[in-house]
Amino acid sequence: MKRSLRGYIFAAFLVLPLTMVGTKISYGTPVAGDNEIDVSAGFFHTQGSDTGSFNADLSYGYYLTPGWELGFRQALNYNFVDGERDSWRATTTPFLFYNFQFGNIVPFLGLAGGIVWNDRNITGTLGPTAGVKFFLSEQTYLGLRYRYEWFFHSIRGLEDNADHGQHVANIGIGFVWGGARKP
């Protein structure tokens with residue numbers, strides 16, 4: 001019973017943005033030449049343990065076409081461990097996304113790669129990204145995003161570490177501006 005209740009709550013959480021957007025098609029989706037800024041965050045705390053994590057992303061993108069977006073993301077992941085040293089990790093990655101245009105709903109797929117660093121070491125990262133943007137107004141959206149990050153010190157290490165990456169999911173808000181919109 002508990003599991004099905006969680007499923008209903010999760011489904012309601014996913015459907016809520018759709019009810020806010022409504023059925024009216026807007027011209028608020030991205031156009032060529034648009035700039036985009038996105039701020040998002042996520043967290044988790046494992047029940048029954050003394051660990052948790054917080055992540056925050058700040059990204060800037062430029063739309064080459066209404067579909068193709070080229071950008072840059074700065075992310076921070078902070079791990080809380082009770083009774084031990086907390087740790088943090090920053091990720092700096094350029095990205096390339098393709099945005100599918102469905103009116104107010106804009107799902108996207110992409111690839112990001114760059115570096116992961118903290119106060120002790122630095123390594124490379126590469127991975128896929130997927131998400132959806134629910135446009136709430138002409139140029140403002142609610143975004144849900146997921147990415148997987150592989151870590152590596154060399155190209156050969158990329159193959160060896162494919163199963164030892166991290167999953168990152170977050171929710172945020174974004175703004176687009178600057179493109180040539182039709183009146």
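The values are calculated or read from the model by the stated rules, or taken from the named source; none is laboratory data. Since the structure is predicted, the reported quantities are computational estimates derived from the model, not experimental observations. Using ideal geometry, Cβ is built from the backbone for each residue, glycine included, and neighbour counts are taken over all protein chains shown. Ligands, DNA and RNA are excluded from the accessible area calculation, which covers all protein heavy atoms including side chains. Shrake-Rupley method; radii C 1.70, N 1.55, O 1.52, S 1.80 Å.
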Looking at the range 32-67, which of the residues that are under 12 Å from the mean Cα position of the chain (by Cα) and of a type in the set (S, T, N, Q) is farthest from residue 99 (Cα to Cα)?
55
Every residue from the range 71-86 that is within 30 Å of residue 32 (Cα to Cα) and either open to solvent by less than 40 Å² (accessible area, probe 1.4 Å) or of a type in the set (D, E, K, R) (or both)
71, 73, 75
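Please go through the range 107-127 and give me each residue that is of a type outside the set (Gly, Ala, Ser) and modelled with pLDDT of 95 or more, ordered by number.
Step one: list which residues in the range 107-127 are of a type outside the set (Gly, Ala, Ser), which gives 107-109, 111, 115-123, 125-126.
Correct list: 107, 108, 109, 111.
Can you pull out the residues in the range 87-104 that are at pLDDT below 95 and either open to solvent by 20 Å² or more (accessible area, probe 1.4 Å) or farther than 17 Å from residue 166 by Cβ (or both)? Spell out the reasoning first.
Going residue by residue through the range 87-104, those that are at pLDDT below 95 are 87-91, 101-104.
87, 88, 89, 101, 102, 103, 104 - these are the residues of the range 87-104 that are at pLDDT below 95 and either open to solvent by 20 Å² or more (accessible area, probe 1.4 Å) or farther than 17 Å from residue 166 by Cβ (or both).
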Test residue 122 against the stated conditions and say whether it is β-branched (Val, Ile, Thr) and under 18 Å from residue 165 (Cα atoms).
yes
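Take the conditions among the polar types (S, T, N, Q), surrounded by fewer than 20 Cβ atoms within 10 Å (Cβ to Cβ) and not in a loop (DSSP other than H, G, I, E, B) and apply them to residue 123. Does it pass?
yes
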I need every pair where a residue in the range 104-130 that is in contact (Cβ under 8 Å) with a residue 60 or more places away in the chain and closer than 18 Å to residue 145 by Cα has its Cβ under 8 Å from the Cβ of a residue that is among the polar types (S, T, N, Q) and surrounded by 18 or more Cβ atoms within 10 Å (Cβ to Cβ), sequence separation at least 6 or different chains.
104/29; 106/29; 106/99
If I ask for residues that are surrounded by 11 or more Cβ atoms within 10 Å (Cβ to Cβ), at pLDDT below 65 and either polar (S, T, N, Q) or in contact with a His (Cβ under 9 Å, 6 or more places away or on another chain) (or both), which ones from the range 8-66 would you list?
26
Of all residues in the range 163-183 being within 18 Å of residue 116 (Cα to Cα) and exposed (fewer than 13 other Cβ atoms within 10 Å of the Cβ), the one that is modelled with the lowest pLDDT
163
